[in-house]
Amino acid sequence: DLTGFRVGYSATHVYATLTNNGTGWPFYTFPQPWYIYSAGFANPEAPSDTFIFSLSYASIPGVFSTGLYLINRYSADFTRIADISAQTSGNRLSLACSLATLTRHPRFGPWPNTDGRLTVAANTQSVYPIGGTYQRNTTDAARFYCTRTPRIAIGQNRPPTLNLAGVEPDTGSGETYFRFHVHYVDADTNLPVLRCVV
């Protein structure tokens, strides 16, 4: 069962992270089923509401593999569009695809759109080839407001400033307790990693 779903984006990629209540993300359980784990995206201004885009993690030989898919939500037909990156760590699955591959597809619609949002949801599917059935666990659809996402500049840092430094008293003996003080200000709200008195 899914326990968490997060999405984000950068100038070049779209990201999704899923968590579950287990310890991994198996592709297959003997004798069946096969599993598909997905994060779906839909642009509310797409030319049709028929299609969704899915970052999917799976390995069903000859049928479905990890990648970016275009899925017809009414007929369940699907087409693999591109490769994606996928990484697992315990109960966490991280997926990423090229933002340009997604937004340049003619069925995706205009981007950025009028209100800067996408509709997103995550799901896991258990596929039973013998018998042709499947089970699905899906999150509620949510609105991802891309233009309201906090922006973080990776690798950029403004150096902190130190002022009002001093020591009290100015002089003393080996038995004197000295009080050192300095006013530390960091515009990025980072705490000092080094504290040293000379």
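The values are calculated or read from the model by the stated rules, or taken from the named source; none is laboratory data. What you see is a predicted model; the values in this text were computed from it and never measured. Every residue, glycine among them, receives a Cβ derived from its backbone with ideal geometry; neighbour counts consider all protein chains shown. Calculation scope for accessible area: heavy atoms of the full protein, side chains included, ligands and nucleic acids excluded. Shrake-Rupley method; radii C 1.70, N 1.55, O 1.52, S 1.80 Å.
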Checklist entry - Looking only at residues in segment 58-70 that are at pLDDT below 95 and over 22 Å from ASP1 (Cα atoms), which one is surrounded by the most Cβ atoms within 10 Å (Cβ to Cβ)? => result VAL63
Checklist entry - List the pairs whose first member sits in segment 173-198 and is over 16 Å from GLN156 (Cα atoms) and open to solvent by 80 Å² or more (accessible area, probe 1.4 Å), whose second member is at pLDDT 85 or above and not hydrophobic (A, V, I, L, M, F, W, C), and whose Cβ atoms are under 6 Å apart, counting only residues at least 6 apart or on separate chains? => result ARG179/GLU168; HIS183/ASN163
Checklist entry - Is it true that ARG143 is within 23 Å of GLU45 (Cβ to Cβ), charged (D, E, K, R) and not in a loop (DSSP other than H, G, I, E, B)? => result yes
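Restricting attention to segment 8-19, which residues are open to solvent by 20 Å² or more (accessible area, probe 1.4 Å) and touching a Ser or Thr at 6+ places or on another chain (Cβ under 8 Å)? Please lay out each step first, then the result.
Applying the first criterion (open to solvent by 20 Å² or more (accessible area, probe 1.4 Å)) to segment 8-19 yields 9-13, 15, 17.
If the condition is that a residue be open to solvent by 20 Å² or more (accessible area, probe 1.4 Å) and touching a Ser or Thr at 6+ places or on another chain (Cβ under 8 Å), then TYR9, THR12, HIS13, TYR15, THR17 are the ones that fit.
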Checklist entry - With respect to the numbered conditions (1) farther than 17 Å from TYR9 by Cα; (2) of a type in the set (S, T, N, Q); (3) at pLDDT 95 or above, which one is the sole condition not fulfilled by THR114? => result (3)
Checklist entry - Which of the residues spanning segment 2-37 are modelled with pLDDT under 90 and touching a helix residue (DSSP H, G or I) at 6+ places or on another chain (Cβ under 7 Å)? => result TYR9
Checklist entry - Scanning segment 90-127 for residues that are part of a strand (DSSP E or B) and touching a helix residue (DSSP H, G or I) at 6+ places or on another chain (Cβ under 8 Å), which turns out most open to solvent (accessible area, probe 1.4 Å)? => result ARG117
Next on the checklist: Among the residues of segment 44-52, are any buried (at least 20 other Cβ atoms within 10 Å of the Cβ), without any contact (Cβ under 8 Å) to a residue 60 or more places away in the chain and either under 21 Å from TRP111 (Cβ atoms) or not acidic (Asp, Glu) (or both)?
Outcome noted: yes
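Kindly indicate whether LEU55 is open to solvent by less than 60 Å² (accessible area, probe 1.4 Å) and closer than 17 Å to ARG6 by Cα. If you could, list the steps in order and put the result at the bottom.
Values: open to solvent by less than 60 Å² (accessible area, probe 1.4 Å): yes; closer than 17 Å to ARG6 by Cα: yes.
Yes.
Looking at ILE81, is it farther than 19 Å from GLY8 by Cα and either part of a strand (DSSP E or B) or polar (S, T, N, Q) (or both)?
Details: farther than 19 Å from GLY8 by Cα: yes; either part of a strand (DSSP E or B) or polar (S, T, N, Q) (or both): yes.
Taking the combined requirement at face value, the residue satisfies it.
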Checklist entry - open to solvent by 60 Å² or more (accessible area, probe 1.4 Å) and among the basic types (Lys, Arg), is that true of ARG80? => result yes
